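Some notes on the structure that comes next.
The values are calculated or read from the model by the stated rules, or taken from the named source; none is laboratory data. Predicted model only: the values in this text are computed from it and were never measured. Quick reminder, even Gly has a Cβ in these numbers, built from the backbone with ideal geometry, and neighbours come from all protein chains shown. All accessible areas refer to the heavy atoms of the entire protein, side chains included, with ligands and DNA or RNA removed. Shrake-Rupley method; radii C 1.70, N 1.55, O 1.52, S 1.80 Å.
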Amino acid sequence: MLNPIRVLIIDDHPLFRQGIRWSLSDAKDIEVVGEAENGQEALKLTELLHPDVVLVDINLPGLNGLEVARVIKRRAPRMGIIVLSVYEDDDQLFQAIKVGASAYSSKDVHPEKLRLYIREVALGKYLINDVVLARPVVASRVLHQFRELASSEDEQTSELFAPLTSREIEILDCIARGLSNKEIASELNISSQTVKNHITSILSKLQVNDRTMAVIYAIKRGWIKMGYNAEDEPAPIE
């Protein structure tokens with residue numbers, strides 16, 4: 001590649017930063033342009049270095065990784081963020097979604113998989129959605145927030161025309177209910193690959209980057225009519 005993917009590493013442990021740098025050193029299309037050990041330093045470096053992808057530890061001292069991610073996405077919406085954690089946790093995943101992270105992973109991720117994440121995120125993909133759909137509790141919380149957002153929107157913004165086929169509406173409804181691709185395929189009696197093809201078509205037609213945004217787009221426009229009972233919502237994770 002003429003222009004390698006520029007990566008900034010944010011972690012308060014020098015040994016871990018060195019390990020990431022070493023694991024990425026043989027990837028010709030990836031360049032580590034800087035390191036930061038705390039949130040304030042990270043914010044300065046993102047403005048100075050303009051990385052394509054930021055790897056941020058969720059448990060930074062002081063300004064934590066989620067707060068850092070939130071500020072970065074506000075200042076540079078196109079900058080990809082991969083949140084790293086010692087252990088995978090539903091509440092952390094939910095918070096990572098809220099701040100706009102593109103991916104969420106445990107810190108023991110295999111180097112080859114981390115390189116794959118970086119490449120995909122650099123292309124603008126939201127890998128975090130696949131994780132969400134595999135974890136019903138998180139999917140339910142995300143959907144609940146989307147419903148609240150949809151109900152607060154001006155009703156005049158709704159549209160009568162939906163550019164989706166009836167099958168695509170069915171699949172979008174399944175996604176909104178937190179079903180995985182496999183579960184959607186089983187419910188609709190189609191293959192998992194067909195489900196993936198329909199989802200690709202949905203994202204293209206609605207011009208959105210991820211499935212969760214497709215859901216809120218459909219709810220706001222009344223394409224998905226779903227009853228909601230607060231008693232069905234799992235208790236918030238403190």
Requested in this report: Would you pull out the residues with amide H under 5 Å of I81's amide H, same chain only if 5 or more places away, H placed 1.01 Å from N?
Outcome: V54, S102, A103
Query raised in the report: Can you list the HN-Hα couplings for segment 84-97, worked out from phi with the Karplus curve (6.51, -1.76, 1.60; θ = phi - 60°), rounded to whole Hz and with x for Gly and Pro?
Result: 10, 9, 4, 9, 7, 9, 4, 5, 5, 4, 4, 5, 4, 4
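Taking a 30 Å limit on the Cα-Cα distance, which of the listed pairs K44/K205; K28/K73; K28/K205; K107/K205 fall beyond it?
Values: K44/K205 38 Å; K28/K73 27 Å; K28/K205 35 Å; K107/K205 36 Å.
Where the Cα-Cα span goes over 30 Å, the pairs concerned are K44/K205; K28/K205; K107/K205.
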Requested in this report: Throw me the Rg/Rh for segment 43-105, computed over C-alpha atoms with Kirkwood Rh, two decimals.
Outcome: 0.94
Query raised in the report: What percentages, rounded to whole numbers, describe P(r) for segment 21-136 computed over all alpha carbon pairs with 5 Å bin width beginning at zero?
Result: 2, 12, 24, 26, 22, 11, 3, 0
Query raised in the report: Peptides 44-53, 175-184: what's the order by average Cβ count within 10 Å, highest mean first?
Result: 175-184, 44-53
Query raised in the report: Which part of segment 22-46 falls in the paramagnetic zone of F16, meaning amide N under 12 Å from the point 7 Å along Cα-to-beta-carbon?
Result: 37-38
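Rounded to the nearest whole Å³, what is the per residue volume of the convex hull around the Cα atoms of segment 1-46? Can you show the working numbers first?
Numbers: hull volume 2.3 nm³, N = 46.
Convex hull volume per residue, Cα atoms: 49 Å³.
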Query - Exposure rank, largest accessible area first [D57, D12, D108; 1.4 Å] - result: D108, D12, D57
Report summary line: Carbon/sulfur accessible area of segment 1-57, % of total, 1.4 Å probe, equals 55 percent
